[in-house]
Amino acid sequence: MIRVLIADDHPIVRQGLRAVIATDPEITVVDEAASVDEAIARLDSHDAKGEPVDVVTMDLRFGPSDGGVIGTKRIRARQPAPAVLVITNYEDDADIVGAIEAGASGYLLKDAPPAELLEAIHLAAAGRTVLAPRVSMRLVEHLRAPSVQLTARERDVLELIAEGLSNQDIGERLHLSQTTVKSHLARLYGKLDVPSRTAAVARARSLGLLP
């Protein structure tokens, strides 16, 4: 039996995913979470009971809390680490690349047919990777196009800059010193060839590094 945790901040989405998953006798939803922190806490609880989760379905947007990319990194760093299957409305290059770099086993859009979702959960649980056809096409196009190459941490900092966070807030969110945050900012400015935070966000969006 494949054990699934649904992470999404919209109750109606969680209910819909649960209903679809219930049609497959080989998959069971063991828990739900409305934020990344809640998902981590639920995973801790199941691990403590000796009943680890096999697959986490992950949205990419959770309001003011950590997003799905950071959540995927946190979950994939666990031991044992469940597979993470991103299920979202967003198909921007930055979202797709960020999720895959974070360790996601798959990336589906919320308009995917139920059968596609169920197959993706089976593949993720088996350690395989699955991408929605449109997502796969976008990823190939992105890889073919010349672009600025950012590290995963630089991407984290860039995303938080785009959210309007200060250096102190970024440091607290990512558990980094302000000196380290400033170093990441300096490298970002250099790679993007910009003089400021506002210019960095604008440049990143024009390159498809941010939605």
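The values are calculated or read from the model by the stated rules, or taken from the named source; none is laboratory data. These numbers were taken from a predicted model, which means no experiment stands behind them. Glycine also receives a Cβ, built like all others from the backbone with ideal geometry; neighbour counts cover every protein chain displayed. Note: accessible area is taken over every heavy atom of the protein model, side chains too, but ligands, DNA and RNA are not part of it. Shrake-Rupley method; radii C 1.70, N 1.55, O 1.52, S 1.80 Å.
Here are the numbers for the structure shown:
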item	result
Answer from Asp95, Asp111 - the residue that is among the acidic types (Asp, Glu) and at pLDDT below 80	Asp95
The range 27-44, residues that are assigned to a helix (DSSP H, G or I) and more than 13 Å from Pro80 (Cα to Cα)	Val36, Asp37, Glu38, Ala39, Ala41, Arg42
Subset of the range 159-192 [surrounded by fewer than 19 Cβ atoms within 10 Å (Cβ to Cβ) and either touching a strand residue (DSSP E or B) at 6+ places or on another chain (Cβ under 9 Å) or among the charged types (D, E, K, R) (or both)]	Glu163, Asp169, Glu172, Arg173, Lys182, Arg187, Lys191
2 or more residues over 26 Å from Ile96 (Cβ atoms): qualifying helices (runs of 4 or more DSSP H) within the range 159-211	167-174, 178-192
Residue match in the range 131-148 (condition: outside any helix (DSSP H, G or I) and modelled with pLDDT of 85 or more)	no
Of all residues in the range 48-78 being within 24 Å of Thr151 (Cα to Cα), at pLDDT 90 or above and in a loop (DSSP other than H, G, I, E, B), the one that is least open to solvent (accessible area, probe 1.4 Å)	Asp59
